[in-house]
1. Please enumerate, by chain and number, the lysines with C-alpha under 29 Å from the C-alpha of residue 241, excluding those fewer than 8 residues away in the same chain.
2. Counting Lys and Arg as +1 and Asp and Glu as -1, each charge on the Cβ, what is the dipole of the chain about the Cα centre in debye, to the nearest 20?
3. Pop a pseudo-label 7 angstrom from the Cα along the beta-carbon direction at both residue 281 and residue 130 and give the gap in nm to one decimal.
4. Scanning the chain for helices, which whole DSSP H stretches are 30 Å or more long along the axis (Cα) and average -0.5 or more by Kyte-Doolittle?
5. Please list 3J(HN,Hα) in residue order for segment 177-184, calculated via the Karplus relation 6.51 cos²θ - 1.76 cosθ + 1.60 where θ = phi - 60°; whole Hz, with x for glycine and proline.
6. Through the Karplus equation 6.51 cos²θ - 1.76 cosθ + 1.60, θ set to phi - 60°, convert the phi angles of segment 271-285 into ³J(HN,Hα) values in whole Hz; use x for Gly and Pro.
7. Can you list the residues, at least 5 places off or on another chain, whose amide H is less than 5 Å from the amide H of residue 226, using H built in the peptide plane?
8. What is the set of long-range amide H partners of residue 157 at a cut-off below 5 Å, with H atoms built 1.01 Å from backbone N?
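Read the figures in this text as sums done on the coordinates, not as results from a lab. Keep in mind the model is a prediction, meaning the values are calculated, not measured. Every residue, glycine as well, gets a Cβ built from its backbone with ideal geometry; the counts of neighbours run over all protein chains shown.
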Amino acid sequence: MRKLIISFLTMLLLCCAAAKNLQAQQAQPVQPLTFYYDYRVNPGKEEEFMNLVNTVGAPVRDKLMVDGVIMAWGIETPILRYPGGTTHLIWFSVENYAGVEKVLNGMEAQLAKLAAEDARAADAARARKQQPAMSTAERTREVFDVTKTRDWLTRDLVSGYGQPPAAGTLPVTRYNFVKVKPGKGSAYRSTWEKYNKPVFDKLVADGAVLAYGLAAEDVKTDGDFTHFIWIATANMAGGDKVAAAFTADRARRTEEERNAIADAFNSVLEPDMSRSIITRSRIFKVQGMK
């Protein structure tokens, strides 16, 4: 009997532990995955690139957003250009890898459908002794250098969102890339959440920032950075509000506190590796957009 009681108590404790673990997992915030495609569009082909987007990718992403798979998607262009740099980037955000797979499968199906339509149209044109129109694949090769396309898959470790913006909003997004020293990822995140997250949360609550995130590559492919912060504002003036908020936050602290914050970040970062870009949205769609 004693063994049975002990066994029962053991099972009860295990069940309670499992229930607590499940509750803890359910309480964890969603850490969305974002898939980025970096493109180098050939000069003078920017309009045709957007035409391709609206023909090929947009219908797939719009449908998957209606289906609840995609949480948001958009197209951005950097405001600072440099030789050989990215000219356009397309991104979509989903909850998990299952969502990534659905988007990729949807794109493959769309490309196959368009290829079949192009083949039928070409056959019909040749039957009429006419020159076939360019296929989607041919247009793609003419518009951008496919060998320079770069993909990224990132995960938001920490994020904050305001109310869905009004329809037609085309945000400006700043990306701050940093390189954390080996083994210092947890220390960097805790420092960032302690000193930076409260400032961003207030900016979101005040409507100065639409959304923000602390992210990292979920599939590691690059050694130039380990983490990046993205900050979306309704316009470029939002960047002034972000800068003012951080200046005010640091100014209200004592010199000792400011030095401690600087030391906390400098001890985990490689400052010389920090980089930033600012982009303007050309298409921006999010679930619940008013």
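1. Within reach: 179, 194, 197, 202, 285, 290.
2. Working: 38 positive and 33 negative charges, 93 e Å.
Here the size comes out at about 440 debye.
3. Between residue 281 and residue 130, the simple spin-label model gives 4.0 nm.
4. For the chain, where a helix must reach 30 Å along its axis and average at least -0.5, the hits are 2-27, 97-127.
5. Computed from phi, the couplings for segment 177-184 are 9, 9, 10, 8, 5, x, x, 10 Hz.
6. Each residue of segment 271-285 in turn: x, 5, 8, 6, 9, 9, 9, 10, 10, 10, 6, 9, 9, 8, 9 Hz.
7. Here the answer is 178, 179, 180, since their amide H atoms fall under 5 Å of that of residue 226.
8. 214, 215, 216
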